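In what follows, a structure is listed as structure tokens, so that the remarks can point back to it.
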């Protein structure tokens with residue numbers, strides 16, 4: 001197996017260690033491999049989507065990181081049928097987008113949120 005060196009912020013390492021211990025992974029490498037397998041599977045699923053589709057896009061971010069959400073919301077407003085914003089007690093925000101439109105555009109929106117490093121998590125659920 002090829003060895004690849006990766007860098008992570010300390011806060012992410014702490015969370016990874018908690019997930020590793022709670023999920024039964026034997027080490028960080030096993031955890032990272034599982035996460036990458038899931039990401040590759042999601043990517044393959046999205047790559048094969050064609051035509052009109054519906055989906056839920058769920059995004060989380062810190063309260064002070066609203067600007068990228070607003071920008072992308074306006075950029076993709078033609079496929080957003082509903083947008084719900086919720087602020088939690090811990091200054092975390094949850095954005096739920098109900099999407100309808102061309103699969104390629106929905107995938108582009110998802111990728112735009114995933115590429116934005118100010119987002120904590122991004123998950124597309126095709127419907």
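The values are calculated or read from the model by the stated rules, or taken from the named source; none is laboratory data. Worth saying up front: this structure is predicted, and the values here are computed from it rather than measured. Cβ sites come from the backbone with ideal geometry, for glycine too, and all protein chains shown count toward neighbours.
Annotations
- Residues of segment 55-67 satisfying the condition of being surrounded by 15 or more Cβ atoms within 10 Å (Cβ to Cβ) and either in the same structural domain as residue 41 (by TED's automatic domain parsing) or modelled with pLDDT of 95 or more (or both): 57, 58, 59, 60, 61
- Among the residues of segment 78-100, at least one is within 27 Å of residue 6 (Cβ to Cβ), touching a strand residue (DSSP E or B) at 6+ places or on another chain (Cβ under 8 Å) and assigned to a strand (DSSP E or B).
- Qualifying residue in segment 68-85 (condition: surrounded by 10 or more Cβ atoms within 10 Å (Cβ to Cβ) and over 20 Å from residue 116 (Cβ atoms)): yes
- Test set (1) touching a strand residue (DSSP E or B) at 6+ places or on another chain (Cβ under 8 Å); (2) assigned to a loop (DSSP other than H, G, I, E, B) - residue 45 fails condition number: (2)
- Residues being part of a strand (DSSP E or B) and either touching a helix residue (DSSP H, G or I) at 6+ places or on another chain (Cβ under 7 Å) or surrounded by 15 or more Cβ atoms within 10 Å (Cβ to Cβ) (or both) - total across segment 101-125: 5
- Restricting attention to segment 65-77 and to residues that are touching a residue at least 24 places away in the same chain (Cβ under 8 Å) and not in a helix (DSSP H, G or I), the residue that is nearest to residue 97 (Cα to Cα) turns out to be 76.
- Qualifying positions in segment 13-51 - surrounded by 11 or more Cβ atoms within 10 Å (Cβ to Cβ) and touching a helix residue (DSSP H, G or I) at 6+ places or on another chain (Cβ under 7 Å): 16, 19, 20, 25, 28, 31, 46, 49
- Scanning segment 15-28 for residues that are closer than 16 Å to residue 5 by Cβ and under 21 Å from the mean Cα position of the chain (by Cα) gives 16, 28.
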